[in-house]
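The values are calculated or read from the model by the stated rules, or taken from the named source; none is laboratory data. Predicted model only: the values in this text are computed from it and were never measured. Methodologically, a virtual Cβ is constructed for each residue, glycine included, from the backbone with ideal geometry; neighbour enumeration extends over all protein chains shown. We work out accessible area using only protein heavy atoms, side chains counted, and drop any ligands, DNA or RNA first. Shrake-Rupley method; radii C 1.70, N 1.55, O 1.52, S 1.80 Å.
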Amino acid sequence: MAFTTDASRIRLKLLCAATIMAFVAAPAGLAAQGALQPARSSEAMAVERRMDFGVFGMAAATVRDSLVTLARQQLGRRYVLGGTTPDKGFDCSGLIRYVLAKLDIAVPRTAAQQEGVGATVAKDTAVLRPGDLLTFGRGNRATHIGIYVGDGRFIHASSHAGQVVESRLIRPPARLIKPWRGARRILAGADSVMVASSEG
């Protein structure tokens with residue numbers, strides 16, 4: 001139930017932000033149709049734009065926080081190859097897909113496919129934001145994926161641990177630890193909450 005409430009609240013905020021943007025864009029179109037519009041100074045319009053970007057920035061932060069909350073609520077769920085639900089268990093990409101779907105963000109099914117979603121982010125914890133996807137693996141494709149939650153940590157469904165766990169991103173190399181390949185941002189920057197498009 002908490003998931004539905006969280007997701008509904010976020011969707012409402014995003015809808016409000018989009019509505020504000022529509023109203024700001026509307027005067028030019030209405031003027032072209034002959035509708036009466038009150039005169040507005042360029043300073044007033046600049047303030048409106050800053051307010052719009054502020055609303056979108058707040059919404060983006062809210063979505064990122066919600067991704068972290070939803071991911072943490074899955075800690076301890078058992079690892080199951082091919083698993084996509086809390087009741088039946090998760091594999092790594094199933095966890096990502098489940099959490100993002102709760103916020104109406106659709107991503108492909110496998111880690112290799114999810115690696116192509118969104119925008120590339122530098123492999124630098126100073127640049128990462130909560131909600132970024134982290135990819136892992138050897139060779140030319142991702143074989144593992146998790147969600148960055150801040151403070152150099154990420155949540156993932158670990159086959160080695162047998163459950164969803166929170167781990168340090170920077171760890172000593174080990175045979176069972178797949179190397180960190182990169183990061184993907186599925187939420188745009190501070191001034192919007194658009195889902196970035198897939199690169200392939």
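Looking only at residues in region 47-92 that are modelled with pLDDT of 90 or more and charged (D, E, K, R), which one is surrounded by the most Cβ atoms within 10 Å (Cβ to Cβ)?
Within region 47-92, the subset modelled with pLDDT of 90 or more is 64-92.
Now narrow it down to the ones that are charged (D, E, K, R): 64-65, 72, 77-78, 87-88, 91.
Values: R64: 20, D65: 15, R72: 14, R77: 20, R78: 14, D87: 6, K88: 12, D91: 23.
Going through the qualifying residues, I end up with D91.
List the pairs whose first member sits in region 116-129 and is open to solvent by 40 Å² or more (accessible area, probe 1.4 Å), whose second member is among the aromatic types (F, W, Y) and part of a strand (DSSP E or B), and whose Cβ atoms are under 9 Å apart, counting only residues at least 6 apart or on separate chains?
Note: pairs meeting the criteria are K123/W180; T125/Y148; R129/Y148.
With the structure loaded, tell me whether D104 is over 14 Å from R64 (Cα atoms), part of a loop (DSSP other than H, G, I, E, B), acidic (D, E) and open to solvent by 40 Å² or more (accessible area, probe 1.4 Å) or whether it fails that test.
On the way: over 14 Å from R64 (Cα atoms): no; part of a loop (DSSP other than H, G, I, E, B): yes; acidic (D, E): yes; open to solvent by 40 Å² or more (accessible area, probe 1.4 Å): yes.
For D104, the condition - over 14 Å from R64 (Cα atoms), part of a loop (DSSP other than H, G, I, E, B), acidic (D, E) and open to solvent by 40 Å² or more (accessible area, probe 1.4 Å) - is not met.
Kindly indicate whether H156 is touching a Cys at 6+ places or on another chain (Cβ under 6 Å) and either within 18 Å of I177 (Cβ to Cβ) or open to solvent by less than 60 Å² (accessible area, probe 1.4 Å) (or both). Before the answer, list the steps.
Values: touching a Cys at 6+ places or on another chain (Cβ under 6 Å): yes; either within 18 Å of I177 (Cβ to Cβ) or open to solvent by less than 60 Å² (accessible area, probe 1.4 Å) (or both): yes.
So H156 passes the test.
If you check A60 against the conditions, is it aliphatic (A, V, I, L, M), in contact with a Leu (Cβ under 6 Å, 6 or more places away or on another chain) and within 21 Å of R185 (Cα to Cα)? Break it down into steps so the answer makes sense when it comes.
Values: aliphatic (A, V, I, L, M): yes; in contact with a Leu (Cβ under 6 Å, 6 or more places away or on another chain): yes; within 21 Å of R185 (Cα to Cα): yes.
Yes.
Pairs please, first residue from region 136-153 and in contact (Cβ under 8 Å) with a residue 12 or more places away in the chain, second anywhere and open to solvent by 10 Å² or more (accessible area, probe 1.4 Å) and β-branched (V, I, T), Cβ atoms under 6 Å, 6+ apart in sequence or on different chains.
So the pair list comes out as G137/T143; V149/V68; G152/T125.
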